[in-house]
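A short worksheet on the structure shown next.
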Amino acid sequence: MNQNLKEQLVILPDYFQGHLTLTLIALSLGILLSIPLGIWAAQSQSVKRPLLAVISIIQTFPSVAILALIVALLGGQIGVLPAVIALVLYSILPIARNTVTGLDSVPSDVMEAAKGIGMSSTQVLVKVKLPLAIPVIIAGIRTAAVWTVGLATLSTLVGATSFGNYIFTGLQTRNLVAVTVGSIAAATMAIVLDALIAGVQWIVENRNKSIEPSKYRLIRNSTAGMLLIFCIGTVYSILPKSEPDFVVGGKGFTEQYVIAGLLAAELKESGFDVEQRLGLGTEIVYSATVNNTVDVYLEYTGTVWANRMKNSHNPGRELVMQGVTEFVEQVDGMVNVGALGFQNLYALAMRKDRALELGIETIEDVIPVAHNLVAAGDLEFFGRPEWITLRDTYDIDFSERLTFDAALMYNALDDRQVDLITAYTSDGRVAAFDLKILEDPRNAFLPYDGILVASHSASKNPTFMRVLKSLIGQISDEEMREANRIVDVDGGSIMDAVAYLQSAID
Amino acid sequence: MIELQNIKKSFDHGRSFVVSDVSLRVERGQLLGLIGESGSGKTTTLKMINRLEELSSGTILVKNENILLQSPVDLRRSIGYVFQGIGLFPHQTVLNNVAAVPLLLDWDRSLTRLRCEEILEMVGLPIKDFGDRYPSQLSGGQQQRVGVARALAAKQEVLLMDEPFGALDPITRADLQDEFKRIQRNLNLTVIMVTHDMTEALFMADQIAVMKDGEILQIGSPKELLNRPDHDYVKKLIEIPRAKAIRLEELMDSK
Ligand SMILES: Nc1ncnc2c1ncn2[C@@H]1O[C@H](COP(=O)(O)OP(=O)(O)OP(=O)(O)O)[C@@H](O)[C@H]1O
Ligand SMILES: [Mg+2]
């Protein structure tokens, strides 16, 4: 079997367990919450309209935004809790709406008869309305189940393990096998769960009816089989797991995966049980470390300086480092273990031939021709203070400013769709595409030293700190760029890049 | 046994009355036929008796008790009701539909079953053939008979029937009318039966009330109505069966 595929399948049980746990918890809570909500809404028009409107509005919020909001509301807590809350919110609409529809669609003559023979309103609900609404309610639960399994992949972004780990890691590291395994796994779980609910419903509805015995047996047995698999999965997923000694966090790009892999590998060598939570948003991983949910991750001085501390001036590399350390330690109670050595700096990059053609060496040379150039930034650049500083320092603006996913941005430059991009200095693709990095004589770009930020609680452990300190100052710009290139350009695995860095350090 | 005193019903806060000033009295063991054109307020009158609709004014006594002094749920359980729309529970078997009221009254299970068996037999749907079927597996007439069985199952003494035999073929209908009349006499049931069919009313009722536009035009025994109709509308109504009878005789003579 393909080595890559084998590597992916080894982690399948873990991801399956994470995904199933999220789905089952969220779906159960969703059902427990939504059916009573639907029953309540169906009682009166004055409740129904506003309630369904509110639920529908929640549904229109982008799921990633909901996740980020929930993490913020929980004071930076990441993991299963915010993921489950978001999934439950999304499951309410289909279940509650179908409950209302189901209850409303009970024929009026049946309702009248139920009342007319002397049922109390509770008896009408329990004995007549709910049983008649059940097929519609179950249809809603099936919709919710499929949505939940699908949306659960996004839980990865808030640090809950799911099949999304395959997908996000795979997308960032160009590992299509991982993306495919993750997608197929999620789709299979959705289909099986849907079929399972349908099967249970069918059996319940037909148990007293005269159905051909062989057909009945077939459906009953296959449903029982699926149920068994789910029960095993559920039992497996609720078995107490050993808490890891430390959690290594990371944002969602290659360098972060590689350094997290390196940290995990080094900590494991010292005998610690380590869990990785990768693909987290910048804000999320920072708050999680403040919170001691994450114990260590790779941060950049410029990020903290600009995003957290809201600074827009650039006093130079040393002063930024000093300011960031003070902020991280005194305001947020974490520890700046130190700089690894490399910088992941914003810079402007061009194709070498295009730069030559225009006679461009430094950003100053861009000024006279900027109005003819198309610039592309990654998803956040033009929203960052760096852009304002760059614009003001050099007094330039471009004829067009486009925003791209980082991976697509390099291709766009290579295809000459854009003239100039905002690259990261440590990016492996700078070397791979043979790009020219423009010098920054006026120091417009903030320094981005890669530092290890450790949580307050973990920093109390001397062995842990010793392992981290042994890495300080050990990784140069070239080495980091090479490690990134191994993954991004050569299609190697994260472990390949980690192995390279370990050999470079020794 | 059932007494309506000057009852009125308005659905629009008194601007118009769907039932206006109806008074009538049904003695124990009597069957009152309520007849009248569509929209004349027959169903509304029945519904007010078991409080599916609340009175706008007037007084209703059932078994000499003011219905407003009883809980609606208890009142309804004590009155058998055959609904115009039948209203069987689609998710329950024939047996469970019929057993609905006895079960609401916490009857013993085996007693309930015996009673359902008896009553289903009476309406011509033997439990062994029909007990386990669902309403969707019955013809319209069979459903109607289940509706009648449901209304009788808890041995109610008072029965309200809204066009109970409408969907039946003439022969089944005649059989069931006879059968029902026999049951009603034997059990001494007090019944108000809404019908569109004057022949049915004439044959089955002890008293007939003719309704039009929410009012009772005339009330009396079949004989009184036939001999002394005191409204054109009543006259027209009883002309129909009479004309039919004459026409039939002519047909037979002419052969
Ligand atoms: N809930 C309601 N709201 C408003 N108007 C109603 C309501 N129920 C009945 N009505 C009106 O009251 C009038 C009498 O209705 P009812 O059902 O009592 O007639 P009916 O004599 O039973 O007619 P049919 O023979 O067609 O069954 C009709 O004009 C009807 O439109
Ligand atoms: Mg009617």
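The values are calculated or read from the model by the stated rules, or taken from the named source; none is laboratory data. This is a predicted model, so every value here is computed, not measured. Neighbour counts run over all protein chains shown; Cβ positions are idealised from the backbone, glycine included.
Is it the case that A:Gly76 is buried (at least 16 other Cβ atoms within 10 Å of the Cβ), assigned to a helix (DSSP H, G or I) and among the small types (Gly, Ala, Ser)?
It is false that A:Gly76 is buried (at least 16 other Cβ atoms within 10 Å of the Cβ), assigned to a helix (DSSP H, G or I) and among the small types (Gly, Ala, Ser).
Considering every residue within segment A:139-150, establish whether at least one is basic (Lys, Arg) and surrounded by fewer than 18 Cβ atoms within 10 Å (Cβ to Cβ).
Taking every residue of segment A:139-150 in turn, none turns out to be basic (Lys, Arg) and surrounded by fewer than 18 Cβ atoms within 10 Å (Cβ to Cβ).
Looking at B:Val210, is it within 16 Å of ligand 1 (Cβ to nearest atom) and under 12 Å from the mean Cα position of the chain (by Cα)?
No: the conditions fail for B:Val210.
Out of all the residues in segment B:1-47, which are within 16 Å of ligand 2 (Cβ to nearest atom) and over 22 Å from B:Leu189 (Cβ atoms)?
Of everything in segment B:1-47, those that are within 16 Å of ligand 2 (Cβ to nearest atom) and over 22 Å from B:Leu189 (Cβ atoms) turn out to be B:Lys9, B:Phe11, B:Val18, B:Val19, B:Gly36, B:Glu37, B:Ser38, B:Gly39, B:Ser40, B:Gly41, B:Thr44.
Can you tell me which residue among B:Arg113, B:Arg133, B:Arg145 is modelled with pLDDT under 95, over 30 Å from B:Ser16 (Cα atoms) and assigned to a loop (DSSP other than H, G, I, E, B)?
Exactly one residue qualifies, and that residue is B:Arg133.
Answer with yes or no whether B:Lys42 is out of contact with any helix residue (DSSP H, G or I) (no Cβ under 8 Å at 6 or more places or on another chain) and within 9 Å of ligand 1 (Cβ to nearest atom).
For B:Lys42, the condition - out of contact with any helix residue (DSSP H, G or I) (no Cβ under 8 Å at 6 or more places or on another chain) and within 9 Å of ligand 1 (Cβ to nearest atom) - is met.
Is it the case that segment A:432-453 has a residue that's in a helix (DSSP H, G or I) and within 26 Å of the chain's Cα centre (by Cα)?
No: segment A:432-453 contains no residue that is in a helix (DSSP H, G or I) and within 26 Å of the chain's Cα centre (by Cα).
Residue by residue through segment B:45-68, note down the ones that are farther than 28 Å from B:Lys236 by Cβ, within 15 Å of ligand 1 (Cβ to nearest atom) and not hydroxyl-bearing (Ser, Thr, Tyr).
B:Asn50, B:Arg51, B:Leu52, B:Glu53, B:Glu54, B:Leu55, listed by residue number.
Do we find a residue being among the charged types (D, E, K, R) and within 14 Å of chain B (Cβ to nearest Cβ) anywhere in segment A:110-122?
Yes, segment A:110-122 has at least one match.
For segment B:51-72, state whether one or more residues are within 16 Å of ligand 2 (Cβ to nearest atom) and either within 14 Å of chain A (Cβ to nearest Cβ) or under 30 Å from B:Leu202 (Cβ atoms) (or both).
yes
Using the structure shown, decide if A:Pro82 is within 14 Å of chain B (Cβ to nearest Cβ), at negative phi, out of contact with any strand residue (DSSP E or B) (no Cβ under 7 Å at 6 or more places or on another chain) and touching a residue at least 40 places away in the same chain (Cβ under 8 Å).
no
Here's the yes/no breakdown for (1) closer than 30 Å to B:Gln84 by Cβ; (2) surrounded by fewer than 20 Cβ atoms within 10 Å (Cβ to Cβ); (3) within 24 Å of the chain's Cα centre (by Cα):
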{"site": "A:Ile92", "(1), (2), (3)": "no, no, yes"}
{"site": "A:Thr99", "(1), (2), (3)": "yes, no, no"}
{"site": "A:Lys115", "(1), (2), (3)": "yes, no, no"}
{"site": "A:Gly118", "(1), (2), (3)": "yes, no, no"}
{"site": "A:Ser121", "(1), (2), (3)": "yes, yes, no"}
{"site": "A:Thr161", "(1), (2), (3)": "no, no, yes"}
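How about segment B:198-219: which of its residues are in contact with a Gly (Cβ under 9 Å, 6 or more places away or on another chain) and either in a strand (DSSP E or B) or free of Cβ contacts under 8 Å to residues at least 12 places away in the same chain (or both)?
Those that are in contact with a Gly (Cβ under 9 Å, 6 or more places away or on another chain) and either in a strand (DSSP E or B) or free of Cβ contacts under 8 Å to residues at least 12 places away in the same chain (or both): B:Gln207, B:Ile208, B:Ala209, B:Val210, B:Met211, B:Lys212, B:Glu215, B:Ile216, B:Leu217.
Inside segment A:161-206, can you point out the residues that are under 15 Å from A:Val146 (Cβ atoms) and among the acidic types (Asp, Glu)?
Passing the criteria: only A:Asp194.
Which condition number does B:Val101 fail, the rest of (1) more than 9 Å from every other protein chain (Cβ to nearest Cβ); (2) under 30 Å from B:Ile171 (Cα atoms); (3) within 23 Å of the chain's Cα centre (by Cα) being met?
Failing condition for B:Val101: (1).
Is it the case that some residue within segment B:106-124 is within 9 Å of chain A (Cβ to nearest Cβ) and over 19 Å from the mean Cα position of the chain (by Cα)?
no
Among the residues of segment B:166-186, are any under 12 Å from the mean Cα position of the chain (by Cα), at pLDDT 90 or above and within 16 Å of ligand 1 (Cβ to nearest atom)?
no
What single numbered condition from (1) under 24 Å from the mean Cα position of the chain (by Cα); (2) within 22 Å of A:Thr173 (Cα to Cα); (3) in contact (Cβ under 8 Å) with a residue 24 or more places away in the chain; (4) in a helix (DSSP H, G or I) fails to hold for A:Ser287?
Only one criterion in (1) under 24 Å from the mean Cα position of the chain (by Cα); (2) within 22 Å of A:Thr173 (Cα to Cα); (3) in contact (Cβ under 8 Å) with a residue 24 or more places away in the chain; (4) in a helix (DSSP H, G or I) is unmet by A:Ser287, namely (2).
Of the numbered conditions (1) within 14 Å of another protein chain (Cβ to nearest Cβ); (2) more than 16 Å from ligand 1 (Cβ to nearest atom); (3) under 29 Å from B:Leu237 (Cα atoms), B:Gly85 fails exactly one; give the number of that condition.
Condition not satisfied by B:Gly85: (2).
What pairs come out if I take residues in segment A:167-183 that are crowded, with 22+ Cβ neighbours inside 10 Å and at pLDDT 85 or above and pair them with residues that are of a type in the set (Phe, Trp, Tyr) and part of a helix (DSSP H, G or I) whose C-beta lies under 6 Å away, six or more apart or interchain?
Close Cβ pairs (under 6 Å, with a partner that is of a type in the set (Phe, Trp, Tyr) and part of a helix (DSSP H, G or I)) amount to A:Ala178/A:Tyr166; A:Val181/A:Tyr166; A:Gly182/A:Tyr166.
If I filter segment A:123-138 down to residues being within 41 Å of the chain's Cα centre (by Cα) and either away from chain B (no Cβ under 12 Å) or not in a helix (DSSP H, G or I) (or both), which single residue comes out as surrounded by the most Cβ atoms within 10 Å (Cβ to Cβ)?
Once the filter is applied, the top-ranked residue is A:Ile137.
Can you name the residue in segment B:152-185 that is part of a loop (DSSP other than H, G, I, E, B) and within 16 Å of ligand 2 (Cβ to nearest atom) and is also farthest from the other protein chains (Cβ to nearest Cβ) among such residues?
B:Phe165
Assuming B:Val148 fulfils every condition listed in (1) more than 16 Å from ligand 2 (Cβ to nearest atom); (2) more than 12 Å from the chain's Cα centre (by Cα) apart from one, which condition is it?
Evaluating B:Val148 over (1) more than 16 Å from ligand 2 (Cβ to nearest atom); (2) more than 12 Å from the chain's Cα centre (by Cα) leaves (2) as the failure.
Taking A:Ala53, is it part of a helix (DSSP H, G or I) and either of a type outside the set (Gly, Ala, Ser) or crowded, with 20+ Cβ neighbours inside 10 Å (or both)?
So A:Ala53 fails the test.
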